[in-house]
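**Student:** First the structure, which I've put down as structure tokens, then a few questions once you've had a look.
The values are calculated or read from the model by the stated rules, or taken from the named source; none is laboratory data. As the structure is a prediction and not an experimental result, all values here were calculated from the model. Cβ atoms come from the backbone with ideal geometry, glycine included; neighbour counts cover every protein chain shown.
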Amino acid sequence: MILKLSNEDDMPLINQYRKCKGIALVDKYLPQLSPLNKMYVINSLSDWEKVENEFPVQMMTARCDSLRGVNGKLPHGQTFNRDRVRGYIEEVKSSDLNAVIILEDMKSGSNERIHTQGGVNLDIKIGDYIYIDYVGPSFDCRELCTGKASHETWNIPWDEVPFMKESAIKKYKTSEITQKEYIETAKERILFLIKAFPDRKDEILQTIPKSYGGINRQIFRNVREQVIFPLWLQHERLLKDGLSSFGVEINIVEDGTLVPMEIEVPDRFKNKNDQER
């Protein structure tokens with residue numbers, strides 16, 4: 001099985017998988033920010049051998065997925081040299097024979113993991129709120145999606161979105177990590193990056209900030225103008241598609257470009273106490 005995101009006939013099958021559907025929703029609702037040159041979904045090593053040469057040798061992104069409604073522990077996605085994809089497929093298949101592998105050829109810089117300006121998760125409930133989670137430089141959505149770290153959070157009432165100004169960065173902030181807590185998250189991030197990029201250990205140690213200095217105002221503006229406002233304007237369309245409550249995962253690369261990874265029902269936020277919002 002080889003499915004292509006660019007092939008309309010493949011979309012019914014692609015949409016049966018959780019991450020795959022989330023990636024396809026980015027193309028639908030935020031097409032101007034899509035980080036993909038191409039995406040294939042495969043389910044075997046023989047499939048990989050047929051398309052291997054279509055993907056970059058360095059900074060190859062591979063993820064895995066299962067059918068919607070099927071829960072199970074699968075390996076995390078990886079960005080690595082192409083020669084490691086075979087081993088990743090074997091690891092995925094040893095965890096779940098029915099899992100599929102997502103192969104992504106991403107636009108230049110979109111899958112950078114070390115030199116970033118951070119990551120943002122949006123938890124949106126149309127008509128109610130937009131909840132923002134942020135992690136700082138050299139982090140990305142991995143920490144937010146797995147619940148390992150959140151450095152700052154905001155809770156913006158839905159009715160305030162069209163009028164949200166610069167003051168929202170202070171007015172709606174609900175939490176900020178302490179420096180002691182930040183250091184613990186940085187240690188975990190360093191270990192993760194070194195495991196993913198063992199030949200870049202010195203670069204990683206030099207790049208990870210020693211302290212957390214708060215979100216850059218331009219990042220906040222970009223998220224507001226390029227993601228929050230466009231989604232707010234499309235809220236009737238989202239409701240018709242059954243997306244009354246959903247999440248958006250956004251990585252922020254070194255030059256400040258926003259890279260939405262998925263739009264999905266945000267399982268991570270379901271257990272949050274409503275009083276925290």
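**Student:** Please enumerate the residues belonging to the stretch 38-54 that are in contact (Cβ under 8 Å) with a residue 12 or more places away in the chain and either out of contact with any Phe, Trp or Tyr (no Cβ under 9 Å at 6 or more places or on another chain) or crowded, with 20+ Cβ neighbours inside 10 Å (or both).
**Tutor:** To start, the set of residues in the stretch 38-54 that are in contact (Cβ under 8 Å) with a residue 12 or more places away in the chain comprises 38-45, 47-48, 50-52, 54.
Within the stretch 38-54, M39, Y40, V41, I42, N43, S44, L45, W48, K50, E52 qualify.
**Student:** I'd like to verify a number: residues in the stretch 54-92 that are in a loop (DSSP other than H, G, I, E, B) and among the small types (G, A, S), how many?
**Tutor:** Here is the first cut: in the stretch 54-92, the ones in a loop (DSSP other than H, G, I, E, B) are 55-59, 66, 68-77, 81.
Now restrict to residues that are among the small types (G, A, S): 66, 69, 72, 77.
The number of residues fulfilling the criteria is 4.
**Student:** Can you tell me which residues in the stretch 176-212 are modelled with pLDDT of 95 or more, of a type outside the set (K, R) and not in a helix (DSSP H, G or I)?
**Tutor:** E176, I177, T178, I208, P209, S211, Y212
**Student:** Right, here's the next one. Hey, any hits in the stretch 67-77 for a residue that's more than 24 Å from G256 (Cα to Cα), at pLDDT 90 or above, touching a helix residue (DSSP H, G or I) at 6+ places or on another chain (Cβ under 8 Å) and among the charged types (D, E, K, R)?
**Tutor:** First, pick out the residues of the stretch 67-77 that are more than 24 Å from G256 (Cα to Cα): 67-76.
Cutting the leftovers down to at pLDDT 90 or above gives us none.
The answer is no, given that none of the residues of the stretch 67-77 is more than 24 Å from G256 (Cα to Cα), at pLDDT 90 or above, touching a helix residue (DSSP H, G or I) at 6+ places or on another chain (Cβ under 8 Å) and among the charged types (D, E, K, R).
**Student:** Which one is modelled with the highest pLDDT among residues in the stretch 263-275 that are in contact with a helix residue (DSSP H, G or I) (Cβ under 7 Å, 6 or more places away or on another chain) and surrounded by fewer than 22 Cβ atoms within 10 Å (Cβ to Cβ)?
**Tutor:** Looking at the filtered set, the residue picked out is E264.
**Student:** Only one of (1) closer than 22 Å to V26 by Cα; (2) at pLDDT below 95 fails for I169. Which number is that?
**Tutor:** (1)
**Student:** Looking at the stretch 251-259, can you tell me whether even one residue there is part of a helix (DSSP H, G or I) and either modelled with pLDDT of 95 or more or more than 21 Å from K125 (Cα to Cα) (or both)? Spell out how you get there, then give the answer.
**Tutor:** So in the stretch 251-259, the residues part of a helix (DSSP H, G or I) come out as none.
Within the stretch 251-259 (the criterion being part of a helix (DSSP H, G or I) and either modelled with pLDDT of 95 or more or more than 21 Å from K125 (Cα to Cα) (or both)), the answer is no, since none of the residues qualifies.
**Student:** A follow-up question, please. Which of the residues spanning the stretch 33-53 are more than 17 Å from N111 (Cα to Cα) and assigned to a helix (DSSP H, G or I)?
**Tutor:** The initial filter retains those residues of the stretch 33-53 that are more than 17 Å from N111 (Cα to Cα), namely 41-53.
Correct list: L45, S46, D47, W48, E49, K50, V51, E52, N53.
**Student:** Check whether at least one residue in the stretch 78-96 is under 21 Å from E262 (Cα atoms), surrounded by 15 or more Cβ atoms within 10 Å (Cβ to Cβ), modelled with pLDDT under 90 and not aromatic (F, W, Y), and report yes or no.
**Tutor:** The answer is yes, given that some residue of the stretch 78-96 is under 21 Å from E262 (Cα atoms), surrounded by 15 or more Cβ atoms within 10 Å (Cβ to Cβ), modelled with pLDDT under 90 and not aromatic (F, W, Y).
**Student:** Somewhere in the stretch 173-187, is a residue surrounded by 14 or more Cβ atoms within 10 Å (Cβ to Cβ) and at positive phi?
**Tutor:** no
**Student:** For the stretch 112-135, give me the residue count where each residue is closer than 13 Å to F246 by Cβ, part of a strand (DSSP E or B) and either more than 13 Å from the chain's Cα centre (by Cα) or not assigned by TED's automatic domain parsing to the domain that holds D255 (or both).
**Tutor:** Residues in the stretch 112-135 being closer than 13 Å to F246 by Cβ, part of a strand (DSSP E or B) and either more than 13 Å from the chain's Cα centre (by Cα) or not assigned by TED's automatic domain parsing to the domain that holds D255 (or both): 5 in total.
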